[in-house]
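Heads up: the structure comes next, in structure tokens.
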Amino acid sequence: MNIEERIDDLQNGYKIIQNRNGFCFGIDSVLLADFSKEIKNNSKVIDLGTGTGILPILLCAKTNAKKIVGIEIQEEVAEMARRSVLLNLLQDRIEIKNEDINNLDKIYNHKEFDYVITNPPYKKIGTGEKSNQKKELISRHEIKANFEDFVKATKYLLKDNGTMFCIHRPERITEIITTLKKYKLEPKEMKFVYPKKGKNANLVLIKSIKNAKEFLIVKEPLYVYDENMKYTKEILKIYENS
């Protein structure tokens, strides 16, 4: 480990290596892992844009998935994720690949996975504040792949009636739904996340099923902070069960 790295305790029996000057996981990864906890036993899961491997590690604590593959395009970040897998002795359940999501049709069979999970870059190129750190910039902006690339890869990878879980920004919801439906991924559940009551939603969790019929349930909203700017009971419960 270099001096820029640290080991964080996830409080669930596992730890993760992160770079102080890079992109560290946030509450969105924790929320997505909780939203995906229905993943069935012995299933095969792929995480597109795994970053430091936080989602596969959290899912190992929450589910009995047999195999979780994490795809990360940045070599240095993928290597850090691999070391976290080894640190937690999860190499029998998690595999990290340094690969571009646009090349996955050359690596995996069509309809190979039961679930796809993804926390993709939220911002289009040229929008939002830009970081001076290249790793963080790639993690937050659609520099290497856009949302449609993630959805196109998902359609190829997922079995019929397989499930995609993702988290994104509400301001892009029209584009998100249009793109999902274009690739026969039918949105079935949606949950909006609000910083606190009285504020606009800043995250949305979406569950989609490949080749399913139209029927969308909008779940009750999730508030992160209460009126005293402390975590709500719902958020504390999610962290306790991570």
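The values are calculated or read from the model by the stated rules, or taken from the named source; none is laboratory data. Everything numeric in this text was worked out from a predicted model, so none of it was measured. For neighbour counting, all protein chains shown are included, and Cβ atoms are generated from backbone atoms with ideal geometry for every residue, glycine included.
Summary table below
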item	result
Number of positions in region 44-66 that are over 25 Å from E148 (Cα atoms) and either in contact with a Phe, Trp or Tyr (Cβ under 9 Å, 6 or more places away or on another chain) or assigned to a helix (DSSP H, G or I) (or both)	6
Failed criterion for L89 (all others in (1) modelled with pLDDT of 95 or more; (2) more than 15 Å from the chain's Cα centre (by Cα); (3) surrounded by 20 or more Cβ atoms within 10 Å (Cβ to Cβ); (4) part of a loop (DSSP other than H, G, I, E, B) hold)	(3)
Cross-chain or 6+ apart pairs with Cβ under 9 Å, region 204-233 first and within 30 Å of L158 (Cα to Cα) and among the small types (G, A, S), then assigned to a loop (DSSP other than H, G, I, E, B) and at pLDDT 95 or above	A212/K184
Unique match (being surrounded by fewer than 22 Cβ atoms within 10 Å (Cβ to Cβ) and touching a helix residue (DSSP H, G or I) at 6+ places or on another chain (Cβ under 6 Å)) among I68, I17, I27, I54	I17
From the options K97, K135, K123, residue that is at pLDDT below 95, touching a strand residue (DSSP E or B) at 6+ places or on another chain (Cβ under 8 Å) and closer than 23 Å to Y183 by Cβ	K123
Within region 1-14, tally of residues that are in contact with a helix residue (DSSP H, G or I) (Cβ under 6 Å, 6 or more places away or on another chain) and either among the basic types (K, R) or surrounded by fewer than 18 Cβ atoms within 10 Å (Cβ to Cβ) (or both)	1
Verdict on K207 being out of contact with any Pro (no Cβ under 7 Å at 6 or more places or on another chain), in a strand (DSSP E or B) and either surrounded by 14 or more Cβ atoms within 10 Å (Cβ to Cβ) or of a type in the set (S, T, Y) (or both)	yes
Scope region 181-215; condition of a type in the set (F, W, Y) and either in contact with a strand residue (DSSP E or B) (Cβ under 8 Å, 6 or more places away or on another chain) or within 30 Å of T232 (Cβ to Cβ) (or both); matching residues	F192, Y194, F215
Looking only at region 101-119, and only at residues there that are more than 16 Å from the chain's Cα centre (by Cα) and touching a residue at least 40 places away in the same chain (Cβ under 8 Å), the one that is surrounded by the most Cβ atoms within 10 Å (Cβ to Cβ)	L104
Number of the exception - M80 against (1) under 29 Å from P195 (Cα atoms); (2) assigned to a helix (DSSP H, G or I); (3) hydrophobic (A, V, I, L, M, F, W, C)	(1)
